Amino acid sequence: LPYTMTSMHIPSPVISLSLKPKDKGSDAGFSKALQRFQKEDPTFRVHVDKDSGETIMSGMGELHLDVYVERMKREYKCEVEVGKPQVNFLETIMQKAEFSYLHKKQSGGSGQYGKVEGWLEPMDPNGDETLEFENQTVGGSIPPNFIGACQKGFEDVTEKGPLIGQPVTGVKMVINDGASHAVDSSELAFRIATVQAFKQGFLEAAPQILEPIMSVEVSAPEEFQGTVIGQLNRRKGVISNSETQDGYVIIEAEAPLNEMFGYSTDLRSATQGKGEFTMEYMKHNPVQADVQRNLISEYEKKKAADSK
């Protein structure tokens, strides 16, 4: 029989923690544990941050990562220090914007010259295709052998966006014109020009930070219904449904992950240990204007501190 199998949908991680072994002797067990966990769980990711050199693990929630930290301790006898949880924000744009950027540098011998023009336009940040690069140049305004460098520049700049250094999503970049120099043009020049052109267009296209929104389901005895709803409202949760079954109330809500840290402790103490909840990733939504301002100013401070 001919079988057709659909590929697995593996959601992107929504939360990250930095971690390092407490003592040098645990390094072997530490790396062995991380390799094994990644093989058995495709939603668990590990990478080393290029700027800070920290090992970052990412997953689908606080509990998900807590389980792996505990397993390292028990199965690999590896005690780890865990850093502050980092929510995986995304950056996008809300409107179309044009760009025109000339990268020109002369410093003895052959210089660097590359000009790119075009526009950025928004796509659905939660769609299947979240980034797209399109070449619409005609007449060799940018020689064909440099288009690949332009695309590489686009890939570079979308890894760390201009607002808070988070990945860019939901953006299409179209290059439709440019200029080159017979001697000074190079792949590097066009790569740099594309990065700077993207930043220029991005900041003029109503840039927006997106945060992960979680689908939360809370179950607690009926007498605590008001308390549970109040807690969710304080954490900017939006109640979508509530029903009662056998003396228990089940409340469904949508809430930003950034507001949900420490919720399990709060819920237990407010419901005499009888309340429980499940939470899973739903989508990314725009953050509120005040949150966006705070995130940008924190990022600017961190950048200034790192450059000292």
Next item on the list: Would you check if there is a residue in the stretch 49-56 being more than 17 Å from the chain's Cα centre (by Cα) and among the hydrophobic types (A, V, I, L, M, F, W, C)?
Entry: no
Item checked: Yes/no for Glu79 being open to solvent by 20 Å² or more (accessible area, probe 1.4 Å) and over 25 Å from the mean Cα position of the chain (by Cα) -> yes
Checklist line | Leading residue by the ranking (modelled with the lowest pLDDT) among those in the stretch 22-67 that are among the polar types (S, T, N, Q) and open to solvent by less than 40 Å² (accessible area, probe 1.4 Å) | finding: Ser26
Next item on the list: Kindly establish whether Glu223 is over 30 Å from Pro122 (Cα atoms), free of Cβ contacts under 8 Å to residues at least 40 places away in the same chain and either part of a strand (DSSP E or B) or open to solvent by 50 Å² or more (accessible area, probe 1.4 Å) (or both).
Entry: yes
Next item on the list: Kindly indicate whether Gln166 is open to solvent by 10 Å² or more (accessible area, probe 1.4 Å) and in a helix (DSSP H, G or I).
Entry: no
Check: Given the residues Ala197, Ala182, which is the only one that is open to solvent by 20 Å² or more (accessible area, probe 1.4 Å) and either at pLDDT below 95 or assigned to a helix (DSSP H, G or I) (or both)?
Finding: Ala182
Margin query: Given the criteria among the acidic types (Asp, Glu) and either closer than 30 Å to Leu203 by Cα or within 18 Å of the chain's Cα centre (by Cα) (or both), does Asp66 qualify?
Written below: no
Checklist line | From the options Val228, Val216, Val174, residue that is touching a Gly at 6+ places or on another chain (Cβ under 7 Å), in a strand (DSSP E or B), of a type in the set (A, V, I, L, M, F, W, C) and more than 25 Å from Leu102 (Cα to Cα) | finding: Val216
Next item on the list: Kindly check whether there is at least one residue in the stretch 88-101 that is under 23 Å from the mean Cα position of the chain (by Cα), farther than 18 Å from Leu203 by Cβ and open to solvent by less than 70 Å² (accessible area, probe 1.4 Å).
Entry: yes
Item checked: Number of the exception - Met282 against (1) in a helix (DSSP H, G or I); (2) open to solvent by 70 Å² or more (accessible area, probe 1.4 Å) -> (1)
Next item on the list: Filter the stretch 231-256 for residues that are over 30 Å from Ser12 (Cα atoms), open to solvent by less than 50 Å² (accessible area, probe 1.4 Å) and not in a strand (DSSP E or B) and give the result.
Entry: Gly247
Next item on the list: May I ask you to verify whether Phe154 is free of Cβ contacts under 8 Å to residues at least 60 places away in the same chain, open to solvent by less than 50 Å² (accessible area, probe 1.4 Å) and either outside any strand (DSSP E or B) or farther than 17 Å from Ser100 by Cβ (or both)?
Entry: yes
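The values are calculated or read from the model by the stated rules, or taken from the named source; none is laboratory data. Being a predicted model, the structure only gives us computed values, none of them experimental. So basically every Cβ, Gly included, is an ideal-geometry build from the backbone, and we count neighbours across all protein chains shown. Protein only, heavy atoms only, side chains kept; ligands, DNA and RNA dropped before computing areas. Shrake-Rupley method; radii C 1.70, N 1.55, O 1.52, S 1.80 Å.
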